[in-house]
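The next block holds one structure in the form of structure tokens; read it before the comments.
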Amino acid sequence: MNSITFATVMWLLSRIVIVIAMLVIAPLLPAPPGGIQPTVSWDVFSAWDSDHYQMIATSGYEYANDGQGHNVAFFPLFPLLVRAVMSGGLPFNVAGTVVNNLAFWGALILLCGWVQESHGQNVARWTTAVLAWCPFSLFGTVIYTEGLFLLWSTAALRAFDRKHYGWSALWGALASATRLPGIALSPAFLLVAWREKRSAFAYLPSLATAGGMGLYSLYCGIRFGDMLAFLRVQQAWQPEQAFYGQGWLKMLVQISAGTANWNRGWIQDPWHPLLFITICALGYLLWRSQSDLTRRGTLQPPRKRSRLQRLCVEQGYGFYSLFILLWLLAGDPLINMIMVWGGGYLLVRERTKLRPVAVTYGFCSLAVILSPGRTISAERHAYGIVSISIALGLLLARYPRWGWATLLFFTLVLVSFAVRFAQHLWVA
């Protein structure tokens, strides 16, 4: 099975799971508090940011510097492409879903081929599977920009790695015209070109990537008299914080003490922190035991060593069970924290194995996400950093048992997220 076929199979199977969750399971469930009971229609793929893209595609941009949210915050390339498809007679919900899904499919194909060139077939397959089955891959199917952004950013990184600077400049400009985090490509290209002492042409993609956002800024200046309009309206979606990183501290408290206790400001329900401490203590004891078994295994003859290795594998299942319990206890804050800070850890851990442009882009993108100190949608934006998926693919290729367990967990959460999105409940 070549890279195109494998990527296509991963895309198709994961999208089928999402469609079943949204069009079969969700309509059978009663409407949850704060949500709706979805119908079997294209409407299930449209919610939250999708409404803004629909307004842009059908009516254009609107903006006023009044502290309120306006659709000028959303970059133009995705709604422009959707509008182009709509000109063929398709309604917005169909056109938006088609554009995002085809773009996500293309991103998986490009990624699988690039990683196979750089790291071999095994790593390429794990990386592609991770990107396709990650719970936030839901946003590669609904009417959001994840699929298109992953397509352009992956194409730009791959072209720069191959020293195809003209193509890298084009794809980079398209990425920054799709979403604000695309600007992270610009410093990444600049730093790699300087560090590797590449030719003067290597600096072209950095300038072109900034130009994609620059053209949109110029449009805002001409249309609304404010070249930074798309930045000013971001505040409307960001809650005020007393200090930098307050949102991350809130997540830590929600994980360890519980959301209900955070909302009340004190420990009214002691069970959540007690369960959290118990899970952490059991995890520590398992880690100590596994470390001891590993140390003893190096001193044993081969027959006894294999028995100790089997015990280590069994203890690994214990770690997995504890993680599932922790997820059931902590919920979304745990997933969100892992996506951003766990992604950063993976980049640090695998930095010597990743391609220089991939690891540099990964760190630049995380800097863009973390710079405001706020957490809203940070986990979804971290999913859009393709370097994190490559780093996880490298890790799981060395530990395939953990890889299969990870994909199983991803699938469970993906189904949950798909149902919630169809019910118009917040996901990311």
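This structure gives log10 I(q)/I(0) by the Debye sum over Cα atoms at q = 0.07, 0.14 Å⁻¹, computed directly, and of [x] -0.33, -1.34; [y] -0.37, -1.44; [z] -0.38, -1.21 that value is listed as [y]. The simple spin-label model puts a point 7 Å past each Cα toward its Cβ; for Leu274 and Trp426 those points are separated by 3.0 nm.
Going by a ≥ b ≥ c, the root eigenvalues of the Cα gyration tensor, does region 307-428 fall in the rounded group (a/c under 1.5), the prolate group (a/b larger than b/c) or the oblate group? Cα axes put region 307-428 in the oblate bin. Distance between the modelled labels on Tyr399 and Val348, one decimal in nanometres: 1.6 nm (7 Å Cα→Cβ projection). Multiplying the residue separation of Trp48 and Ile20 by 0.36 nm and subtracting their alpha-carbon distance yields 8.0 nm.
Charge tally for Phe139 (other residues, Cβ to Cβ under 10 Å; Lys, Arg +1; Asp, Glu -1): -1. Between Leu29 and Gln246, the contour length at 0.36 nm per residue exceeds the Cα-Cα span by 74.6 nm.
In the chain, the longest principal axis of the Cα atoms and the axis of helix 185-195 are about 70 degrees apart. Among the chymotrypsin sites (Phe, Trp or Tyr not before Pro) in region 230-282, those located in a DSSP loop and surrounded by at most 15 other Cβ atoms within 10 Å of their own Cβ are Phe243, Tyr244, Trp266. Counting protein heavy atoms only, region 329-428 has 68 percent of its accessible area on carbon and sulfur, 1.4 angstrom probe.
Its alpha carbons give region 23-107 an Rg and a Dmax of 15.0, 43 Å. Averaged per residue, the chain has 46 square angstrom of accessible surface, using a 1.4 angstrom probe with ligands and nucleic acids left out. Sequence-ordered 3J(HN,Hα) estimates for region 41-51 from the Karplus curve with 6.51, -1.76 and 1.60 and θ = phi - 60° stand at 7, 5, 4, 5, 8, 10, 6, 6, 4, 4, 4 Hz, glycine and proline given as x. Shape class of region 367-412 from the alpha-carbon gyration tensor: prolate, with a/c at 1.5 or above and a/b greater than b/c. Here the accessible area of region 1-154 is 66 percent carbon and sulfur, with a 1.4 angstrom probe and all protein chains present. Computed packing ranks the peptides 318-329, 168-179, 153-164, 112-123 as 168-179, 153-164, 112-123, 318-329, most packed first, by mean other Cβ atoms within 10 Å. Assuming a ≥ b ≥ c are the square roots of the Cα gyration tensor eigenvalues, decide whether region 103-245 counts as rounded (a/c under 1.5), prolate (otherwise, with a/b larger than b/c) or oblate. Oblate, because a/c is 1.5 or more while a/b does not exceed b/c.
The values are calculated or read from the model by the stated rules, or taken from the named source; none is laboratory data. Keep in mind the model is a prediction, meaning the values are calculated, not measured. Methodologically, a virtual Cβ is constructed for each residue, glycine included, from the backbone with ideal geometry; neighbour enumeration extends over all protein chains shown. Note: accessible area is taken over every heavy atom of the protein model, side chains too, but ligands, DNA and RNA are not part of it. Shrake-Rupley method; radii C 1.70, N 1.55, O 1.52, S 1.80 Å.
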